[in-house]
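A.B. asks: Could you have a look at this structure, given as structure tokens, before my questions?
Just so it is clear, none of the values below were taken in a lab; they were calculated from the coordinates. Worth saying up front: this structure is predicted, and the values here are computed from it rather than measured. Here the Cβ is made from the backbone with ideal geometry for all residues, glycine too, and neighbour counts use every protein chain on show.
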Amino acid sequence: MKLKVFKASILVGLLTFQWAHAQSVKDTTSHIVSPVYDGLAIIEKIHPVVIHNHESSSGNYTKRCFNRLSFLNDEIKRVCPSLMITETKMVPSGKNNFRSVTIERVDTEQLLPILVNAVQELQRIIKTNKQYSTSESPR
């Protein structure tokens, strides 16, 4: 008897999950879509850097040395502030203690459309230069 009840409750649970999962929520917010401009101008103003982290140790914990590619946050804020994300994270601070840390970082997902626009601008410039050079070539 208990096995039948157990199987029935699992079946009801699965059916309920499928029904709840199949529902969709409509996005009622309105979106204004506009093209990205000046991608090349933005990309020309930011410079990638290598951040060198050196090995340090405290107690039993050793932090390894590694290099990370990134951008300077102040430069990104000046050129395109919408690319910056501010996050608050809880980090360990001693045994069973945590503290809140605010971290600013570059939103690389938002950087991609700007990069694509910059590449498209460069392609247009190359195409224009090719057309100009072929029209000027002596015959």
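A.B. asks: Suppose each label sits 7 Å from its Cα in the direction of the beta carbon; what would the SER82-SER100 distance come out to in nanometres?
C.D. replies: Modelled inter-label distance: 2.9 nm.
A.B. asks: Can you tell which of VAL91, SER133, LEU112 lies farthest toward the positive end of the dipole of the range 89-139, using +1 and -1 charges on the Cβ of basic and acidic side chains (Lys, Arg; Asp, Glu)?
C.D. replies: Farthest towards the positive pole: VAL91.
A.B. asks: Once label points are set 7 Å from the Cα along Cα→Cβ at both ASN53 and SER135, what is their separation, rounded to one decimal in nm?
C.D. replies: 5.3 nm
A.B. asks: Turning to a different aspect of this structure: What shape does the range 61-139 have by the C-alpha gyration tensor, where a ≥ b ≥ c are the square roots of the eigenvalues, rounded means a/c under 1.5, and otherwise prolate means a/b greater than b/c and oblate the rest?
C.D. replies: On the way: a/c = 5.33, a/b = 3.14, b/c = 1.70.
Prolate, because a/c is 1.5 or more and a/b exceeds b/c.
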